[in-house]
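Engineer: Below is the structure I would like to discuss, written out as structure tokens.
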Amino acid sequence: MSQDSQHGKWTISSSDDDDDDLPPSGTAASKPHRPAVSNHSSIRSASPPGPKLEPVSATVEVKPEPAKPPVSSLVIGSEARQSAAMNKLNPVKYETSPSLAGKRKKEVSDGSGWALSDSDEEDGDVRSLSNLPKKAPPSPKAKKPKVENERPPSPHGRLYYIDEPDDFFESSIPCLNDTYRFYLNKVTGLDRKYNSGALHIRDILSPLFGTLKESVQFNYCFDIAWMVKQYPSEDRPVLIVHGDKREAKARLLQQAQPFPHVRFCQAKLDIAFGTHHTKMMLLWYEEGFRVIILTSNLIRADWYQKTQGMWMSPLFPRLPKGGSATAGESPTFFKRDLLEYLGSYRAPELEEWIQRIKEHDLSETRVYLIGSTPGRYVGSDMERWGHLRLRKLLYEHTEPIPGEERWPVIGQFSSIGSMGLDKTKWLAGEFQRTLTTLGKSSLRSDPLVHLVYPSVEDVRTSLEGYPAGGSLPYSIQTAQKQLWLHSYFHPTVRVHCHAMPHIKTYMRTSPDFTQLAWFLVTSANLSKAAWGALEKNNTQVMVRSYELGVLYVPSAFVRTFPVHKNPFPVSSSSFGFPVPFDLPPTCYSPKDQPWIWNIPYSQAPDTHGNIWVPS
């Protein structure tokens, strides 16, 4: 079986089902079929050999190279990830000659580079190598002197970043659409109107939104030095909640040595291939308390030229002393659910924050919390987390709509896990049933499902060019097992002007794409690790990762949400929902292919004149 691609045809070999890399259900400690890796900390020179990429009729012959040990500037968990990270560090200039041996672009680099997580490719954030162990330098003479005030490492090289203009950051409270409290991030290099009503992390943490006393940062990737610089004062206590173990944890702690006000809380990851993927800020001010649930890692690249999203809560006031235990609850039970989610960490470091939340009034919250936490759940606990939690909320808090079978479902994400040999394995058999739940209707409608995922052309013409694909880790090894999935794909047509999405959103729209029945922004990509998968004849659900998002349903606002067709510039009087991509979604053209990050793209240069040649 073969599939046409931009560089010819790649031939698909036969492979096992989608769970060939996962432990058997019900046995967390069972040995998986391939060597187990544990959340960025297990270092291997090469992964087990996978199905081969065999170009059949390419203009330029491209052959896979044999496995190589990581070079001194890269330590990553597989050959594919090594190739991707190498390409990001040293993009290859487009050459008109047929040779692929073109010279690499020379860029300033401190040699630290970037790497990717050792976890399953499903969760696909890019991780700074500063979190991973490094090889010792060849000799003391080879060690470079420390350069003060350097930018953090970039997957594009240090010359890639451009400075933000003077008016990029807010000096007064910005014009925000507070109806939904859903905001996009600012993108460097765009016309000012496309950043109207958008926020940068420096804006979020600034005194514009409160006098910050202390904070917690839940995330997956960290650049501690860069993060500290985003705060208005560098001495306010910060607690980092992370999932790193062993060597990766040691590297993270080493990053924080210059910052004694930074403390750590390690999330428990007891199931293989799980990650701490949640992205949340808890901000405690002199004036009150705020929660922000977002899609960005705490690294500069994620706040530079990518489309990201966030829900920012109102400023929650402190409750009068002596109130009841249920005081300050919202109609969506957000306070209860947030406390339950924090309690699932079983972490002493979070106890003081649990107490602080109890002391504040969260009654103004109008969204529902949807989290994932690692574990195997049975009985009523199956509906506490993951997609079964989403199904329960849609069942209880939405209403059937006449002609609902014509209301399509849209999912948009930046990474894709193994779905199985056909759609019945998980996508249609399980996840789609959740997404199509609409109230207590007995109708089991089968509407269209549109999956929005960048094409090769999307990535090539993006602001970042091909290196943007380093944050879209869909591998050839996974893609070749599920060619059926690609018929669902639609390219990313950007409201945010060629900024590649790292945001993850799911929604149900009217047939004319002018109304939303519900909307979800979350950290969860399209993967069983993130959303959970049923086991043991549907009597148990297993979730591998920590994830977090918020669900908007009409009962908390209006009957349906009107779609805001032109969200920029933002107007405080707008009642439309700012969907972060253009509607309706358009199908892939016959020439389009989904972006796959570990195969070459060499026939056309990107916006920076580079080609993509994993090496």
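The values are calculated or read from the model by the stated rules, or taken from the named source; none is laboratory data. Only a predicted model underlies this, so the values are computations on that prediction, with no experimental measurement involved. Ideal geometry is used to build each Cβ from the backbone, glycine not excepted, and the neighbour counts take in all protein chains shown. In case anyone asks, the SASA skips ligands and DNA or RNA and just uses the protein heavy atoms, side chains included. Shrake-Rupley method; radii C 1.70, N 1.55, O 1.52, S 1.80 Å.
Engineer: Could you sort out which of Lys245/Lys528; Lys213/Lys268; Lys279/Lys358; Lys186/Lys279; Lys392/Lys528 sit more than 25 Å apart by Cα distance in this structure?
Structural biologist: From Lys245/Lys528; Lys213/Lys268; Lys279/Lys358; Lys186/Lys279; Lys392/Lys528, over 25 Å: Lys213/Lys268.
Engineer: How large is Rg over Rh for the range 166-562, taking Rg from the Cα atoms and Rh as the Kirkwood inverse mean of 1/r across Cα pairs?
Structural biologist: Rg divided by Rh gives 0.94.
Engineer: Turning to a different aspect of this structure: Calculate how large, on average over all directions, the projected area of the Cα convex hull of the range 421-472 is; give the answer in nm² to one decimal.
Structural biologist: It is 5.5 nm².
Engineer: Before I look further, what does the range 383-457 give for accessible area per residue, probe 1.4 Å, in whole square angstrom?
Structural biologist: Normalised by residue count, the accessible surface of the range 383-457 is 38 Å².
Engineer: Rank Phe413, Gly197, Asn537 by how far each Cα sits towards the positive end of the charge dipole of the range 166-562 (+1 on Lys, Arg Cβ; -1 on Asp, Glu Cβ) and give me just the farthest.
Structural biologist: Sorting the options by dipole projection puts first Asn537.
Engineer: Leaving ligands, DNA and RNA out of it, report the carbon-plus-sulfur percent of the accessible area of the range 166-562 at a 1.4 Å probe.
Structural biologist: 51
Engineer: Another question, then. Quick one: which of 465-473, 498-506, 378-386 comes out on top by average Cβ neighbours within 10 Å, and what's the full order, highest first?
Structural biologist: Ranking the peptides 465-473, 498-506, 378-386 by packing returns 465-473, 498-506, 378-386.
Engineer: Moving on. Work out the length of the dipole vector of the range 166-562 about its Cα centre, built from +1 on the beta-carbon of each Lys and Arg and -1 on the beta-carbon of each Asp and Glu, and round it to the nearest 20 debye.
Structural biologist: 760
Engineer: Kindly rank 238-244, 519-525 from highest to lowest mean number of other beta carbons found within 10 Å of each residue.
Structural biologist: 519-525, 238-244
Engineer: Now, a different point. Return the sequence-ordered ³J(HN,Hα) values of the range 236-246 in whole Hz as given by the Karplus equation 6.51 cos²θ - 1.76 cosθ + 1.60 applied to θ = phi - 60°, using x for Gly and Pro.
Structural biologist: Each residue's phi maps through the Karplus curve to give 7, x, 10, 9, 9, 9, 9, x, 6, 10, 6 Hz.
Engineer: I would also like to ask the following. Against the empirical 2.2 N^0.38 Å scaling, what ratio does the C-alpha Rg of the range 218-342 come to?
Structural biologist: 1.19
Engineer: Moving on to the next point. Nearest 5 is fine: what % of DSSP beta bridges in the range 166-562 come out antiparallel, could you say?
Structural biologist: Beta bridges within the range 166-562, antiparallel portion: roughly 70 percent.
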